[in-house]
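Comments concern the structure below.
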Amino acid sequence: MSALILDGQALANEMKLEAKRKVDELKANGVKVGLGTVLVGDDGPSANYVAMKHKDCEEVGIASFHRHLEADASLSQILEVVDEFNENPEISAFLVQLPLPVGEFEEEVLERIQPRKDVDGLHPMNLGRLVMSKPGPLPCTPAGIVKLLQRNGVLIEGRRVVVVGRGLTVGRPLALLLSSALPGCNAAVTVVHSRVKNLGEIIREGEIVISATGVPGIIKKEFIKPGAVVVGAGTFFEGRKLISDLEDAVGEVASMITPRIGGVGPMTRAMLIENTILAASKGIS
Ligand code: GUN
């Protein structure tokens, strides 16, 4: 079997066209649409992701604002920028790129973002809404993965999904989203991570397997039930090369699979644009 490709780039391009129409409409009604980003430190991949987010904004006509702080920025220096973005009426929503050089700052920084401007859906209040299956901004990578599956005709409802990884930005909210009562979700979700024994045995139960660990090649061909749908959302760089969680041979047994480049990444950014538009439109309601 040779797996069909889940083309995130093609879907993201369609979504951006639709986003541009919505942005034009909002602007015609006098509504400002702006995205803010905060980058702390000089991690190459993070700087690259942020740059791509600004490029997407430019393509769809969203104004974008950026602050770069030194890697040794104190918590209060970061919070000062968060407060400024919270107050800035030109900024509909914003994010602080994670991980921060000082990991212990993350909780306080996320909590300081106004929930209505939280484009990542990672503020505890917005994560709480997700726990309660209430509408709110959904974390971008999980929402992008679900949309990529749905728009490629992959049924999620009632099916067995294995999520590999329990990180804050992908694995944990993804498991919440897939198992929620939100439309098109309602899956039976198992979450596994590096401390779990017999990883392969559990992953092999998945009709859909989504891996977000950043451990190169952690998902082996023999872990995959033949015909399963497989999504790789881990991002690990070796120099400038993006390495996948998925061993190449996984494509021989899966029915559908994300490519190493042009799969989940563009979908994350397309959802970021959607969440920014959502935040801007809420400003007028
Ligand atoms: N770093 C990797 N993914 C994300 C994300 O979705 N949001 C933020 N803020 N940082 C990230």
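Residue by residue through region 145-201, note down the ones that are of a type in the set (G, A, S), more than 28 Å from L95 (Cα to Cα) and either in contact with a Cys (Cβ under 7 Å, 6 or more places away or on another chain) or touching a residue at least 40 places away in the same chain (Cβ under 8 Å) (or both). Within region 145-201, none qualify. The number of residues in region 106-126 being under 27 Å from V31 (Cβ atoms), part of a helix (DSSP H, G or I), in contact with a helix residue (DSSP H, G or I) (Cβ under 7 Å, 6 or more places away or on another chain) and within 14 Å of the ligand (Cβ to nearest atom) comes to 3. Note on region 187-225: residues that are of a type in the set (S, T, N, Q) and in a loop (DSSP other than H, G, I, E, B) total 3.
For (1) in contact with a Ser or Thr (Cβ under 7 Å, 6 or more places away or on another chain); (2) among the basic types (K, R); (3) closer than 30 Å to E247 by Cβ, each residue gets a yes or a no:
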site	(1), (2), (3)
M15	no, no, yes
V38	no, no, no
D42	no, no, no
S46	no, no, yes
K55	no, yes, no
F65	no, no, no
L75	no, no, no
E80	no, no, no
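Say we look at region 89-100 and pick out the residues that are away from the ligand (no atom under 13 Å from the Cβ) and surrounded by 15 or more Cβ atoms within 10 Å (Cβ to Cβ); which of these is farthest from L26 (Cα to Cα)?
Among residues in region 89-100 that are away from the ligand (no atom under 13 Å from the Cβ) and surrounded by 15 or more Cβ atoms within 10 Å (Cβ to Cβ), the one farthest from L26 (Cα to Cα) is I91.
Contact annotation: residue pairs with Cβ atoms under 9 Å, 6 or more positions apart or on different chains, pairing a residue in region 84-105 that is in a loop (DSSP other than H, G, I, E, B) with a partner that is aromatic (F, W, Y), are N88/F65; N88/F94; E90/F65; I91/F65; I91/F85; Q97/Y49. Number of residues in region 25-56 that are among the charged types (D, E, K, R) and either within 11 Å of the ligand (Cβ to nearest atom) or at positive phi (or both) equals 2.
Checking R172, R204, R166, R160 one by one, the residue that is within 14 Å of the ligand (Cβ to nearest atom) and surrounded by fewer than 22 Cβ atoms within 10 Å (Cβ to Cβ) is R172 and no other.
Residues considered: E274, E247. Of these, the only one that is buried (at least 17 other Cβ atoms within 10 Å of the Cβ) and either of a type in the set (A, V, I, L, M) or under 22 Å from M15 (Cβ atoms) (or both) is E274.
In the condition set (1) assigned to a loop (DSSP other than H, G, I, E, B); (2) within 16 Å of the ligand (Cβ to nearest atom); (3) under 28 Å from K197 (Cβ atoms), T141 is compliant with all but (1).
Readers should treat all values here as calculations from the given coordinates under stated rules, not as data from a laboratory. The structure displayed is predicted, hence computed values, not measured ones. Backbone-built Cβ (ideal geometry, glycine too); neighbour counts: all protein chains shown.
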